[in-house]
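Nothing in this text is a laboratory measurement; each read-out follows from the coordinates by a stated rule. None of the values given here were measured: they were computed from a predicted structure. Please note: Cβ atoms are built from the backbone with ideal geometry, for glycine as well, and neighbour counts cover all protein chains shown.
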Amino acid sequence: MIADISGYTEFISMREISLLHAEQIIADLLTAIVEGAEHPLTLNKFEGDALFLYAEVAADPRAVALDVYRQAQRFFAAFERQLDVVKAQRSHCNCDACSTIDRLCLKAILHVGEVAIRQWRQFTELAGEPVILVHRLMKNHVPARAYLMMTEEFRRASGLTWGSALDEDVEGLAAARIYWQAV
């Protein structure tokens with residue numbers, strides 16, 4: 001899963017003081033999301049304005065997929081709550097970052113696939129085509145800024161049947177069928 005804040009590039013491309021505020025705002029929002037993650041989800045790493053999380057599947061892939069889906073839904077509520085807190089805390093500041101907090105929103109991409117997990121010192125790295133796919137799907141043609149997306153593979157694993165279907169061309173990989181719904 002990747003939970004990504006939409007509007008980040010525009011948000012940080014402001015002036016110097018705004019950059020400091022923008023980075024703190026993003027950190028606060030990502031912290032609120034990651035604090036809501038629980039087993040089987042594991043935070044792999046912060047990626048700028050995104051969180052890369054994964055779940056190892058043991059005996060029941062469907063149960064794990066459904067748990068991940070429910071957590072993703074809760075991430076949106078946590079994001080909105082924290083967004084309200086940050087807006088209130090920064091209402092006194094009219095820098096470009098603090099005055100455009102409302103432009104930030106969340107998107108989450110759910111995918112399932114077999115990856116290699118390797119440990120290098122204190123770092124855990126995930127590798128494989130599923131990792132590449134979920135990252136490339138961050139750039140897509142979903143006509144919404146705040147949304148939950150799942151791939152066809154995640155849909156099959158979870159048994160969920162919601163969302164609008166869209167076929168995405170993915171650079172260097174086969175086209176991917178995705179399902180999305182605005183949040």
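Give the residue list of GluC sites (Glu not before Pro) in the stretch 9-112 that are DSSP loop and have at most 16 other beta-carbon atoms within 10 angstrom. For GluC sites (Glu not before Pro) across the stretch 9-112 that sit outside H, G, I, E and B with at most 16 neighbouring Cβ atoms in 10 Å, the list reads E35, E38, E56.
Size of the dipole of the chain about the Cα centre, Lys and Arg at +1 and Asp and Glu at -1 on the beta carbon, nothing else charged, in debye to 20? Walk me through the intermediate numbers first.
On the way: 18 positive and 25 negative charges, 51 e Å.
So the dipole magnitude of the chain works out to roughly 240 debye.
If R₀ is 45 angstrom, what is the calculated FRET efficiency for the pair D102 and R70, using the beta carbon separation as r and rounding to 0.05?
On the way: r = 27 Å, r/R0 = 0.60.
The pair D102/R70 has a calculated efficiency of 0.95.
Computed extension length for Q181-E56: 42.5 nm, one decimal, from 0.36 nm per residue of separation with the Cα-Cα distance subtracted. Its alpha carbons give the chain an Rg and a Dmax of 16.8, 52 Å. A full extension of the chain between E23 and K45 corresponds to an added length of 6.3 nm, given 0.36 nm per residue minus the alpha carbon distance.
Taking a span of 15 Å or more along the helix axis (Cα atoms) and a mean Kyte-Doolittle hydropathy of at least -0.5 as the rule, the DSSP H helices of the chain that qualify are 16-34, 61-89.
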